[in-house]
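The values are calculated or read from the model by the stated rules, or taken from the named source; none is laboratory data. Computed from a prediction, not measured in an experiment: that's the story for all the values here. Every residue, glycine as well, gets a Cβ built from its backbone with ideal geometry; the counts of neighbours run over all protein chains shown.
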Amino acid sequence: MNYKVQLETFAGPMDLLLYLIRTNEVDIYDIPIALITEQFVSYLELMEALDIEYAAEFLVMAATLMDIKARMLVPQELPVDGEEDEELIDPRDELVRELLEYKKFHDVAQYLADMYDERQQQFESGGEAPEVEERPLEEIAVWDLFSAFSSVLRQIGAVGVEITSKELPVETYISLILERMPLGVKVPFTSLFDGLTDKGELVGMFLAILELVRLRSVSAFQEREFGEIMIEMRPSSAPDQST
């Protein structure tokens, strides 16, 4: 069950790095490289265990992080033409510059998206106010979903274990999820895995959730930052009950 991650919120290794920096509440100018490298690699290992196809840039970034980590363990050298009072070269400098450049464009894109959402919520005088979702799933980092699923795996002791999924198409699990989600009812992300003990079924359900995100068939929100992820079916995705 090979799955290609193609979500609008899934931008690549730089996006994951910014997510880790934000969740760890660390200074982007003083990245704790050992901690961030360990967490980055753990996300990569999870994607590999789930048999999720990802861009080669993730492997390049992992190698870059490990190289920086190794260079920070050895004595640093002064610039070739530098004086003794000049600052030593920080192996993280190039990565920080790239992150700041990426963050600049990332923030602009987010600002434009917010402006678009705000415009969509405007209505003419005398008209009915449009329904506003609490927080659309697109505002929740896909990495939050990976983190939440990792917690599910830890609860059943599957961390560090190679996971092979049953030969069932993702569409089968999508149908199961839609059947478990009554229209207008918000359900905790973790509750979608209730009653499942087979690791393959757990993986199938998670990949189905990712696909529903890509298709914009579900919306989600968090009552507080880093809180429980709630999933809600969009009206257009509700199963036909007329038959």
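For region 92-106, which positions are of a type in the set (A, V, I, L, M, F, W, C) and either modelled with pLDDT under 90 or exposed (fewer than 11 other Cβ atoms within 10 Å of the Cβ) (or both)? Phe105 - this is the single residue of region 92-106 that is of a type in the set (A, V, I, L, M, F, W, C) and either modelled with pLDDT under 90 or exposed (fewer than 11 other Cβ atoms within 10 Å of the Cβ) (or both).
Checking each residue in region 22-66 for being part of a helix (DSSP H, G or I), in contact (Cβ under 8 Å) with a residue 24 or more places away in the chain and closer than 25 Å to Ala109 by Cα picks out Thr23, Ile36, Phe40, Tyr43, Glu57, Phe58, Val60, Met61. Here Phe226 meets the list (1) surrounded by 17 or more Cβ atoms within 10 Å (Cβ to Cβ); (2) among the aromatic types (Phe, Trp, Tyr); (3) modelled with pLDDT under 75 almost entirely, failing just condition (1). For region 107-114, check the following and say yes or no: at least one residue is touching a Phe, Trp or Tyr at 6+ places or on another chain (Cβ under 8 Å), closer than 26 Å to Thr23 by Cα, part of a helix (DSSP H, G or I) and at pLDDT 75 or above. Scanning region 107-114 turns up no residue that is touching a Phe, Trp or Tyr at 6+ places or on another chain (Cβ under 8 Å), closer than 26 Å to Thr23 by Cα, part of a helix (DSSP H, G or I) and at pLDDT 75 or above. Among the residues of region 151-206, the ones that are of a type in the set (Gly, Ala, Ser), assigned to a helix (DSSP H, G or I) and modelled with pLDDT under 85 come to 1 in all.
Would you call Ile52 within 21 Å of the chain's Cα centre (by Cα) and at pLDDT 90 or above? No; evaluated as a whole, the condition is false for this residue.
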